[in-house]
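The values are calculated or read from the model by the stated rules, or taken from the named source; none is laboratory data. Computed from a predicted model, the values in this text were never measured in an experiment. Note: ideal-geometry Cβ built from the backbone for every residue, glycine included; neighbour counts use all protein chains shown. Just the protein is used for accessible areas: all its heavy atoms, side chains included, with ligands, DNA and RNA removed. Shrake-Rupley method; radii C 1.70, N 1.55, O 1.52, S 1.80 Å.
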Amino acid sequence: MKPSPLTYHRPRSIDEACGILAGVAHEGKVLAGGQSLIPLLSMRLAAPAHLVDIGSIPCLDAISASPELGVTFDALTTHAALESDSTVAQVQPLLGRALRLVAHPTIRNRGTTVGSIVHADPSAEMPAVLSLLGGTLTVRSVRGVRQIPAAELFAGPLESTLEADEIATSVTVPAARPGTGTAIDEIARRHGDYALVGVVAQVEVEDGAVTSSRMTYVSAGELGQVVDYTDILRGASAHDERDPLWQQVAEKARETVETEADIHATDRYRSQLVAALTGRVGFAAAQDAIRDDTRVPMHTGGSR
């Protein structure tokens with residue numbers, strides 16, 4: 001199939017783009033990398049009257065990273081650019097770990113991380129990462145600039161809280177803290193496919209024992225839902241995966257996280273994956289927390 005008829009706009013500045021969106025109201029869509037939107041247009045699952053392509057706007061692909069300010073990446077920053085940035089890898093390692101699981105290299109070379117986040121696909125890794133890290137999305141319109149915390153960004157599957165005339169311009173996530181580890185893993189039919197289930201974990205460790213633990217899920221649970229397992233995992237060993245608390249948290253996840261059946265997996269199978277990955281990924285995050293921290297001190301300023 002081919003996209004339905006539309007008017008194509010190619011603004012040269014973010015102000016021009018915002019002006020166009022303001023004029024077309026709810027009939028416009030923003031195009032950045034296009035790896036999510038173009039298939040929807042081609043299958044006519046989306047049929048906007050106006051397409052606003054921001055790909056030619058200069059200086060909208062910057063990346064900056066520092067321990068004090070965290071990592072900020074702009075709307076045209078590709079998955080590949082963010083994944084390969086060495087400063088980002090030191091300041092917030094979870095970004096690179098998650099991006100390596102996103103689709104295939106061809107997609108990562110074109111797709112934008114901000115675009116993936118605002119697309120709000122429950123099967124995508126980056127919305128889950130943003131939710132767990134407590135990042136912030138910056139958006140612009142003719143009315144001005146505002147920040148949307150991750151906890152307020154997702155209204156449901158494939159639905160964000162951006163207004164129709166707003167353009168997502170950047171995302172900021174906090175830097176990793178000493179004593180805090182992160183991990184991500186997922187099960188997919190083939191590498192690069194959407195995950196049947198994925199788990200993203202953030203664990204704090206002191207003196208070899210867990211002091212707090214939070215996790216979020218891909219292709220399971222509510223989009224943006226962050227589950228706090230601290231009450232179960234407090235005191236769990238960061239050195240011994242045989243500690244019974246890791247099994248207890250796996251069973252708790254099975255009870256807590258809702259799963260649904262589709263053509264790829266049954267509800268029961270997904271629930272089993274949730275349980276298995278919760279314990280495994282949680283322990284991996286605890287291990288990450290006790291490794292020698294080489295991320296700080298770091299110089300401030302941009303990495304690109």
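From the C-alpha gyration tensor of the chain, pull out the three semi-axes of the equivalent ellipsoid (sqrt of 5λ each), sorted largest to smallest, in whole Å. Don't skip to the end; give the middle numbers.
On the way: eigenvalues 237, 106, 46 Å².
Three semi-axes, in Å: 34, 23, 15.
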Alpha carbon convex hull of the range 131-267, projected area averaged over orientations, nm²: 10.3 nm²
Distance from the range 81-159 to the range 198-235 (C-alpha centre basis), Å: 19 Å
Residues with amide H under 5 Å from that of Ile57, placed H, sequence gap 5 or more: none
Volume of the Cα convex hull of the range 117-187, divided per residue and given in Å³: 84 Å³
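Find the Cα radius of gyration of the range 1-75, compare it with 2.2 N^0.38 Å by division, and give the number to two decimals.
On the way: Rg = 14.7 Å, N = 75, 2.2 N^0.38 = 11.3 Å.
Compactness ratio reported: 1.30.
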Table column - 3J(HN,Hα) (Hz), the range 19-36, Karplus curve with 6.51, -1.76, 1.60, x for Gly and Pro: x, 5, 4, 4, x, 9, 6, 7, 9, x, 10, 9, 10, 10, x, x, 6, 9
Under the Karplus curve 6.51 cos²θ - 1.76 cosθ + 1.60, θ = phi - 60°, whole-Hz ³J(HN,Hα) for the range 76-84, x wherever Gly or Pro sits: 9, 5, 7, 3, 5, 5, 5, 4, 8
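Counting only GluC sites (Glu not before Pro) that are in a DSSP loop and have at most 16 other C-beta atoms within 10 Å, tell me the longest site-free stretch of the chain. Before the final figure, lay out each step's value.
Values: sites that count: Glu68, Glu163, Glu222, Glu241, Glu258, Glu260.
Longest run free of exposed loop sites: 69-162.
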Accessible area per residue in Å² at 1.4 Å probe, computed on the chain: 47 Å²
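Could you work out the helix-only [θ] at 222 nm for the chain, with each DSSP H run of four or more residues adding -39,500 (n - 2.57) and the total divided by the number of residues, to the nearest 500 deg cm²/dmol?
On the way: 11 runs with 99 residues, N = 304.
Computed ellipticity for the chain at 222 nm equals -9000 deg cm²/dmol.
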Phi-based couplings in Hz for the range 89-105 (Karplus 6.51, -1.76, 1.60; Gly and Pro marked x): 4, 7, 6, 9, x, 4, 4, x, 4, 6, 5, 5, 8, 7, 6, 10, x
Residues whose placed amide H lies under 5 Å from that of Leu31, excluding near-sequence neighbours: Val52, Asp53, Ile54
Relative contact order of the range 1-119, defined on C-alpha pairs under 8 angstrom at six or more residues apart (%): 26 percent
Percent accessible area from carbon and sulfur atoms, the range 202-255, protein chains only, probe 1.4 Å: 40 percent
Relative contact order computed over the range 172-228 (Cα-Cα under 8 Å; 6+ residues apart), in percent: 26 percent
Descending semi-axes in whole angstrom, ellipsoid equivalent of the range 34-118, from the Cα gyration tensor: 26, 15, 10
Heavy atoms of Lys29 accessible to a 1.4 Å probe, total area in Å² rounded to 10: 100 Å²
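Explain nothing, just the number: relative contact order of the chain, from Cα pairs under 8 Å at least 6 residues apart, as a whole percent.
Details: 699 pairs, mean separation 52.3, N = 304.
Relative contact order of the chain: 17 percent.
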